[in-house]
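*Asks:* Shown below is the structure under consideration.
The values are calculated or read from the model by the stated rules, or taken from the named source; none is laboratory data. The structure presented is a predicted model; accordingly, all values stated were derived computationally and were not measured. We place every Cβ from the backbone using ideal geometry, glycine too, and count neighbours over all the protein chains shown.
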Amino acid sequence: MKFYFFTLLIIALTPISSWGIEGKHSFCTSSESWKFSDEIPKDYVEMFKKTVENEIPPTQGFSEALDLRRRAETPIQKLFAEYWISRSILSGGLPHVAHQGFITLLKTPSRPGWRDIQISSLECLSRIQKKYPTLTFDAHVHHKIIELFDLKPTGLIKKSLQKSALISVRDLISQKNIQKNLIESILNKMKDGGKYEELAQGLYSSSISHHSKTILWLEKFLNPKTNIPSDLKKYLDSANLLMARALYSSGQYERSIWHLKHIQKNSNELARGLSELSWAFLQSERYAEAIGTAINLQAGGLRGTFTPEAPMVMAMALNEVCHYPKSIQAISLFKDKYKDSYFWLSDWYKNRNSSSQNIYPKVISYIKKSASVLNKKDKSFQFDVPVNIVSEWIRTPLFLSRQEEINLIYKEKKQTKKLSKQGAFYQNKMAENLIKEARGLKKRYILARKEMAPGDPIPAQITDDLKFLKKQVLHYRRMQQGAPIWHVIMNAHQKKAPELKKTLVSRINRDLKRITENMYFQLEDISENSQLIEVEIYNGATKDIIWQNAHPDYDKIAEALKDQDRRLAKKQVMDWGTVQASMDGLGEIWEDELGDFKADIYDNCESKDRYLKVKRTQMLAKLKQSRQGKK
């Protein structure tokens, strides 16, 4: 029996027979579950489950999957092995490598028996893209989504495909040259896709400036009577902003205001939303709210944002209510606040094509310096770029997403070393345990032989232990065979990392250059418009001076009317303070629970009409008294 024991230690795996696979639920998660046919070797099934449940190191899962691919006898065995390989790499915290693996897997044709594996690969890509938006789908994936829809999926598989289709549409509309035919083909496949279809249709309609369709689809998506899936709630602020813009462009200012008010206060879109809210209030002739909203962008935490249109809205609204001195002051506020920004942008624009004008190094320098201040390592903080320009750079999703991928490159470098050490340690531990188990089993076998009579069978416990030892030897061999391939893949990725980082930095510079050019042009336009507004204000102010000279008691009566209105409105409207104080930076950010902003500004234009009515009433009263006196 000695030769039988040592033979068990070196027996190779028997060939794997043909099998099928069907996804059950929770694709690409730790609760991922599959239904395998009985022909699948149980040891592979067990090791796959341990891989997705993180019970074994990713390196071992990789080695097991690699062995399955090497021994695969059918296309679907190989396809599943490829999925398992990328799945193990993803579990190891290496999204870049896994991303390429899943995309390669999706280049294979779509067949009914392969559908679930490809759906799972799509789900994994979607999860990677959710965390790292710059790791987008490629052309093969976009077309693969259409193919998979043609296989008539149902239930959870269809829902997963709808998620991927939404991401596909979002990726495609962000490209410079929008492929309308491809997008519309995907949208046609998304019919009856619920919230996923509604959001996808709304995003696409907005990207081509089709306002009526944008309103139609986003109104369905934002309908408060329907539930929004948790994974789509992150799009609520963007959806409200796009809906508001479409409504504004359609002249539906009040509805636009409603949606702008629903942008969350911690949103990256808040400053932009408030700027557009002030315009909507202005167009709705709600001048007090327009002024109050614009003021909030000049105070508190929003002071450092790049919102140059807000002072102009304030000036125009003040002009509309005949507060000419304060209107001029609002224009002065714009000039004072954005003077340094304008000069910096003008200088940058003249030399924008010079490599010295690359913006990315400036952003990183700012972030490092601000971090030093927060950590109290550097109490002084001086920077050569105006803060409101820098804030626009670092708030843009383009910078944030690409920088996140750059950070990922450094994380993956550390993670690769960690995983390799972990794999080596685990492999050595397996070898030690095998030797220990083999020696112990050998002793038990010798003792059992002494107690056995001739012809007696080997005890069942020893037979079971031999089978278990055989299985462990097989797993150990797979680890040995997988290690060199693992190192080849990891080294290849690390060699590509510097070029990938260089590409990402180049793209960030390109994006930030475009954003900076837009800021420069925006200030140029506003500066020109401010001159026209000033002319209009001075014309109105001149007429106002003449009018007030002709009515010397106007100020006294107007103030009385103002106090009267305040008393009447006190129960309905909060006392928001004065515009003067807020424009000097002394006011607070004013906001009630509805998110409505309102300045305590009296309408001087309206008060003139009321003044004339008061004077007319007084004149009639005197005339009546005079007539009664004569009688």
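*Asks:* Only one of these is closer than 30 Å to Gln162 by Cα, touching a Lys or Arg at 6+ places or on another chain (Cβ under 7 Å) and in a loop (DSSP other than H, G, I, E, B): Asn268, Asn223. Name it.
*Replies:* Testing whether each residue is closer than 30 Å to Gln162 by Cα, touching a Lys or Arg at 6+ places or on another chain (Cβ under 7 Å) and in a loop (DSSP other than H, G, I, E, B) leaves just Asn268.
*Asks:* Checking Ser354 against (1) in contact (Cβ under 8 Å) with a residue 40 or more places away in the chain; (2) farther than 21 Å from Glu528 by Cβ, which single condition isn't satisfied?
*Replies:* Every condition holds for Ser354 apart from (1).
Here's the yes/no breakdown for (1) of a type outside the set (D, E, K, R); (2) under 21 Å from His143 (Cβ atoms):
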position	(1), (2)
Lys176	no, yes
Asn181	yes, yes
Leu187	yes, yes
Glu197	no, yes
Ser205	yes, no
Ser212	yes, no
Ile215	yes, no
Lys220	no, no
Leu247	yes, no
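*Asks:* Working only within the stretch 72-94, note down all residues that are surrounded by fewer than 23 Cβ atoms within 10 Å (Cβ to Cβ), under 22 Å from the mean Cα position of the chain (by Cα) and not small (Gly, Ala, Ser).
*Replies:* Matches in the stretch 72-94: Leu90 only.
*Asks:* Okay, next question. Can you tell me which condition Gly482 does not meet? The list is (1) in a helix (DSSP H, G or I); (2) of a type in the set (Gly, Ala, Ser); (3) farther than 26 Å from Lys413 by Cα, and all the others hold.
*Replies:* (3)
*Asks:* Further, regarding this structure: From the list Leu282, Leu260, Leu241, which one is of a type in the set (A, V, I, L, M) and without any contact (Cβ under 8 Å) to a residue 24 or more places away in the chain?
*Replies:* The conditions single out Leu260.
*Asks:* Filter the stretch 107-159 for residues that are among the small types (Gly, Ala, Ser) and either in contact with a Gly (Cβ under 8 Å, 6 or more places away or on another chain) or not assigned by TED's automatic domain parsing to the domain that holds Ile186 (or both); which is nearest to Leu504 (Cα to Cα)?
*Replies:* Ser120
Conditions tested, residue by residue: (1) charged (D, E, K, R); (2) in contact with a Ser or Thr (Cβ under 7 Å, 6 or more places away or on another chain); (3) outside any helix (DSSP H, G or I); (4) at pLDDT 85 or above.
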site: Pro311; (1), (2), (3), (4): no, no, no, yes
site: Ile331; (1), (2), (3), (4): no, yes, no, yes
site: Tyr366; (1), (2), (3), (4): no, no, no, yes
site: Lys379; (1), (2), (3), (4): yes, no, yes, no
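*Asks:* Oh, and also: Looking only at residues that are crowded, with 19+ Cβ neighbours inside 10 Å and over 32 Å from the mean Cα position of the chain (by Cα) in the stretch 21-47, which one is modelled with the lowest pLDDT?
*Replies:* So the residue we want is Ile21.
*Asks:* Output the residue which, of all residues in the stretch 271-288 that are of a type outside the set (Gly, Ala, Ser) and outside any helix (DSSP H, G or I), is surrounded by the most Cβ atoms within 10 Å (Cβ to Cβ).
*Replies:* First pass over the stretch 271-288, keeping only residues of a type outside the set (Gly, Ala, Ser): 272, 274, 276-277, 279, 281-283, 285-287.
Narrowing the set further to residues that are outside any helix (DSSP H, G or I) leaves 285-286.
Working: Glu285: 12, Arg286: 19.
Ranking the candidates gives Arg286 first.
*Asks:* Name the residues in the stretch 71-107 that are more than 23 Å from Lys495 (Cβ to Cβ) and in contact (Cβ under 8 Å) with a residue 60 or more places away in the chain, would you?
*Replies:* Gln77
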